[in-house]
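The structure under discussion appears below in the form of structure tokens.
The values are calculated or read from the model by the stated rules, or taken from the named source; none is laboratory data. None of the values given here were measured: they were computed from a predicted structure. Note: ideal-geometry Cβ built from the backbone for every residue, glycine included; neighbour counts use all protein chains shown.
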Amino acid sequence: MSETRSEARPETRSVGRSVSRVDALEKVLGRARYPADFSKPGMCHAKVVWTGEPHARITGLDTSAAAALPGVVAVLTSRDVPRNEFGLIESDQQVLAADVVRWTGEAVAVVIAQTEELAEQARDLVRVTYEPLPLVLDPIRAMAPDAPLIHAGQASNVMARWKVRHGDVEAALAEADLVIEAEYHVPLVEHAYLQPEAGLGYIDEEGRVTVVVAGQWPHDDVRQIANALALPPERVREIVPYIGGAFGGREDISLQIMVALAVFRTQVPVKMVWTREESMRCHGKRHPFTMRYRWGAKGGRLTAAKVELIADAGAYSSSSKAVVPGAVSVATGPYEIPNVSIDACVVHTNNPPTMAMRGFGTAQPPVAYEQHIDKFARALGEDPVSFRLRHLWDEGSIQPTGSPVPPGVGVKETLRRAASAAGWRQDGDRWVRPDLPPLPDGRRRGLGLATAFKNIGYSFGFHDRSTARVTVALDERGEPERAELFIAAAEVGMGVHTVLAQVAAEGLGLAVERVKVHGVDTTRTPNAGSSSASRHTFISGNAVMEACRLAMAQRAPGKRQVEAEYTFDSQRVRPTTDFDPETGACNPHITYGYVTQAAEVAVDPVTGAVEVLRMVAAQDVGKAINPLMIEGQVGGGLHMGLGYAIMEEFKLREDGRVRTRNFSEYLVPTTLDMPADLTCINVEVPDPAGPYGAKGLGEHVMIPTAPAVLNAIRDAVGVDVGELPAGPERVWRAMEAARASAASGKGVAR
Amino acid sequence: MDLKEVDVELIVNGRRHKLRVGTNLSLLQVLRDRLGLTGTKEGCAAGDCGTCTVIMDGRAVLSCLVMAFQADGHAITTVEGLAAGKKLHPLQESFLEHGAVQCGYCTPGMLMSAKALLDADPAPDRETIKTAMSGNLCRCTGYFKIIDAVEGAARKIGPASTARGAAAGAATGSSKAGEGR
């Protein structure tokens, strides 16, 4: 159950309305096709030989028995890959491992056969022998000078370091009258989209290597496929049908190159479908972080924040060099703190590569900074709402990187609205939390909240571009009749096609049903960048809005059709810059969205089990283009955030092999784990550069959930759980430690 | 490897299909690969996610765990059989109205679990819906809209169309202020 309250804005006809999703009808009819639903006559089936070894040198690879099996068309190894490399930022991964494997999810060979069963049989006949290499699974240990190197030839396992220096943090800590220090850990987490990786490849009518896959960044997939096959990009085509969730996990290459390679080598259509076990083991994960926070206050005001972040990159670089800067840029929260020092590094291990996942580096630090903020409020005897409001950003506040925050700062309003809905009342400048009656079953009730923020769009000087083309059919009076929109914005489930249809409809004065959004085909739809960074509403929305404006400007008597294409480039509108290497000074991001969530929990004092009873979510989205879809995003964000808080952890055994192989072992919340009640509040503080003032929200809505739940657990049972997930055992151990500490007369740990 | 094959007759969405199938094939594989009914999705092939839920003889089953030969002679309903011609099932209408569809991959399984529930209990309360749907995972919605949509469909179907147990149950169902808007 939810409620939306939005502030009134100037009249719009399509934008701001909860229109039905443009793809919903096909989806309820079962007609929407996902990659595994595509077939071609005469197609073969491909299976992957995965290494299963976390760190080893390949000493032998014998494919003869597999190749000899009747019905097997080809067995491909590294020798069959023209340029055996891929990677989102650096091409440091092998399509098929040639020499050394560095994590269990690396592919060694691809078997192509006439049936799926034959391909499976042949896969099991491929013999690979290995010489084990020393394992490094702990990023802290991986940083030691004598640690075995994951990548020979590199000076150390530390991939990169960043720092921010703002003011004089040591002097401020020395002068502080309250200093609080703590260490927080967040684990390896799985995207767990419901659609396992799948793809169909074929040579199209123009001879192009074509793949039908669920990719979040279609044109970058094409770049990487073309590179690996040593083909010009125009000889490669990617078609993206419906996608069964992504959450960042489809931003990197999974099977795209393997499918393309199979087609390239055999020239027959080839289908590859991964099992859930393959999906879980063989795509990247969310970065685990160790976060050391030492903050100081003087006279009741935060004066110093010293932060150290250590992130686990896993075996390959993926987007780590973009994810960790994101974490650095939000490490002290949306708070004005005059003296800040941040040090961060990202380290190679033999764990799965870590990559984009909802938040892109901004989901981890709030687990630390929002618990830390609560600790200060508690130590100072102030309500957590009042304490936050005294420190949160306003328009023009200066970030630790020295630049002012982008315009449209609704963060305080998200806190006020969420706190009010959760039962707080305002008494002058003070906020007073509600009294919660005890639960009849003896469980302890607690209330907590957390505020967070995230950037929208690419950052640190990267050009965030999106190109949209619109074709508008005009009636005899020159008025738009219907429109077609061409833009390679992958619909991963978040509703981008509906939002862009609404923006186009608004710009053309049409009903949304009269705008057709074409599916992604890299040969027909122009490059819109990735479906990530919560960027499409802002970036692609601007591209569509301008393309519509240009099309309308071309209308002339007698014309029955107009067409326009426009490329939006963030750097021309809201330029960002990269960190100064010494001070970290920069203008990091295009714009921000802000979120506050409150959680009410029940904690069983005997078992440590946590139930989330009720949640409130207030998000500053700039402009709610489709309020109903926002509620859907918020629900999904809570789901993922709640899983992060109390359930989810991708576990490896001590030998580096995977323990959580399917949904029976990797637990995500079910209907019974979700709160009974959700209140959803849209705050609309517009960004003047956003389409109709809109910002974005896809990632934001999962970010404060975990710290809100942790703060509620603290409120319920008086213990801090510094390590996620806060499952029953961890909460129980924290309570036991507090009881033991109290019994020995040392006082309860804060 | 010597795989046995058997003759089966499946009644899917009211149509009879005589097939010779391997004894190692699941109902899910036969629906998708042999009958081309790709509306039913595979999420885990281990009975953990509910994505492949279909209705067999009135009960929601996980088609990845039912072997094709076990379905011999049984009546199966998949998502493709939910609408009556061009007329959407009230559940489909309600999923559209409540915004219960996002990526859509769990949607067919959700619809079939909900149909089995409403066929057996036309006026379930919210807790009953949550329990009945607890075997269907969704990663996009947080389930709120899906539960709202099932409640909404129960109201649409209403007491008139279901003879059994309507009085008390339906009254409870329609008085619940479950729906967001």
Can you tell me which residues in the stretch B:18-39 are in a loop (DSSP other than H, G, I, E, B) and either of a type in the set (S, T, Y) or within 17 Å of the chain's Cα centre (by Cα) (or both)?
-> B:T23, B:L37, B:T38, B:G39
Hey, B:D7 surrounded by fewer than 22 Cβ atoms within 10 Å (Cβ to Cβ), at pLDDT 95 or above, of a type outside the set (G, A, S) and assigned to a strand (DSSP E or B) or not | yes
Condition set of a type in the set (G, A, S) and more than 7 Å from chain A (Cβ to nearest Cβ), scope the stretch B:95-112, selection nearest to A:Q633 (Cα to Cα): answer is B:A100
Looking at (1) facing chain A (nearest Cβ under 10 Å); (2) surrounded by 21 or more Cβ atoms within 10 Å (Cβ to Cβ); (3) not hydrophobic (A, V, I, L, M, F, W, C), which is the only condition B:S26 fails?
-> (1)
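Yes or no, residue by residue, for (1) touching a helix residue (DSSP H, G or I) at 6+ places or on another chain (Cβ under 6 Å); (2) on the phi > 0 side of the Ramachandran plot; (3) without any contact (Cβ under 8 Å) to a residue 40 or more places away in the chain:
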{"position": "A:H518", "(1), (2), (3)": "no, no, yes"}
{"position": "A:T522", "(1), (2), (3)": "yes, no, no"}
{"position": "A:A551", "(1), (2), (3)": "no, no, no"}
{"position": "A:R555", "(1), (2), (3)": "no, no, no"}
{"position": "A:K559", "(1), (2), (3)": "no, no, no"}
Extreme residue, surrounded by the fewest Cβ atoms within 10 Å (Cβ to Cβ), among residues of the stretch B:36-47 that are touching a strand residue (DSSP E or B) at 6+ places or on another chain (Cβ under 9 Å) and not aliphatic (A, V, I, L, M) | B:G47
Might you check whether a residue that is surrounded by fewer than 18 Cβ atoms within 10 Å (Cβ to Cβ), more than 27 Å from the chain's Cα centre (by Cα) and in a loop (DSSP other than H, G, I, E, B) occurs anywhere in the stretch A:535-554?
-> yes
In the stretch A:88-96, is there at least one residue being within 14 Å of chain B (Cβ to nearest Cβ), charged (D, E, K, R) and out of contact with any Leu (no Cβ under 7 Å at 6 or more places or on another chain)?
-> no
In the set A:F486, A:F460, A:F453, the lone residue that is in contact with a Cys (Cβ under 8 Å, 6 or more places away or on another chain) and under 24 Å from A:F247 (Cα atoms) is A:F460
Sort out which residues of the stretch A:29-66 are among the hydrophobic types (A, V, I, L, M, F, W, C), in contact with a Leu (Cβ under 6 Å, 6 or more places away or on another chain) and not in a strand (DSSP E or B), and write them in order of number.
-> A:F38, A:A65, A:A66
Residue list for the stretch A:464-511, restricted to those being surrounded by fewer than 21 Cβ atoms within 10 Å (Cβ to Cβ) and either closer than 25 Å to A:Q633 by Cα or not assigned by TED's automatic domain parsing to the domain that holds A:G558 (or both) = A:R465, A:A511
Filter the stretch B:30-51 for residues that are touching a Lys or Arg at 6+ places or on another chain (Cβ under 6 Å) and without any contact (Cβ under 8 Å) to a residue 60 or more places away in the chain; the one that is nearest to B:V101 (Cα to Cα) is B:T38
All conditions in (1) within 11 Å of chain B (Cβ to nearest Cβ); (2) of a type outside the set (F, W, Y); (3) under 30 Å from A:R13 (Cβ atoms); (4) in a strand (DSSP E or B) are true of A:G632 except (4)
In the stretch A:315-355, which residues are on the phi > 0 side of the Ramachandran plot and touching a helix residue (DSSP H, G or I) at 6+ places or on another chain (Cβ under 8 Å)?
-> A:G333
Which one of these does B:P122 not meet: (1) at the interface with another protein chain (Cβ under 8 Å from one of its Cβ atoms); (2) surrounded by 20 or more Cβ atoms within 10 Å (Cβ to Cβ); (3) assigned to a loop (DSSP other than H, G, I, E, B)?
-> (1)
Identify, please: which residue in the stretch A:264-282 is aliphatic (A, V, I, L, M) and surrounded by fewer than 24 Cβ atoms within 10 Å (Cβ to Cβ) and is, among those, farthest from A:A322 (Cα to Cα)?
-> A:V268
Being without any contact (Cβ under 8 Å) to a residue 40 or more places away in the chain and of a type in the set (A, V, I, L, M), is that true of even one residue in the stretch A:185-204?
-> no
Strands (runs of 3 or more DSSP E) contained in the stretch A:113-230 and holding at least 1 residues under 30 Å from A:A528 (Cβ atoms) and small (G, A, S) = A:158-166, A:198-203
Output yes when any residue across the stretch B:55-77 is over 25 Å from A:G244 (Cα atoms) and touching a Phe, Trp or Tyr at 6+ places or on another chain (Cβ under 9 Å), and no when none is.
-> no
May I ask you to say which residue of A:V610, A:V621, A:V595 is under 30 Å from A:E665 (Cα atoms) and modelled with pLDDT of 95 or more?
-> A:V610
Restricting the stretch A:265-298 to residues that are over 15 Å from the mean Cα position of the chain (by Cα) and part of a loop (DSSP other than H, G, I, E, B), the one farthest from the other protein chains (Cβ to nearest Cβ) turns out to be A:Q267
With the stretch B:40-112 as the region, which strands (runs of 3 or more DSSP E) entirely inside it contain at least 3 residues that are among the hydroxyl-bearing types (S, T, Y), more than 11 Å from the chain's Cα centre (by Cα) and assigned by TED's automatic domain parsing to the domain that holds B:G14?
-> none
Which of the residues belonging to the stretch A:214-233 are touching a Ser or Thr at 6+ places or on another chain (Cβ under 8 Å) and among the aliphatic types (A, V, I, L, M)?
-> A:V222
If you scan the stretch A:206-264, which residues turn out to be within 14 Å of another protein chain (Cβ to nearest Cβ) and either more than 22 Å from the chain's Cα centre (by Cα) or among the polar types (S, T, N, Q) (or both)?
-> A:V212, A:Q216
Subset of the stretch A:150-198, residues surrounded by 18 or more Cβ atoms within 10 Å (Cβ to Cβ) and charged (D, E, K, R), comes to A:R165, A:E190, A:E197
Scan of the stretch A:98-142 for residues that are of a type in the set (V, I, T) and closer than 30 Å to A:P269 by Cα, ordered by number = A:V101, A:T104, A:V108, A:V110, A:V111, A:I112, A:T115, A:V126, A:V128
Output for the stretch A:669-682, where each listed residue is at the interface with chain B (Cβ under 7 Å from one of its Cβ atoms) and either surrounded by fewer than 17 Cβ atoms within 10 Å (Cβ to Cβ) or touching a Leu at 6+ places or on another chain (Cβ under 6 Å) (or both) = A:L672
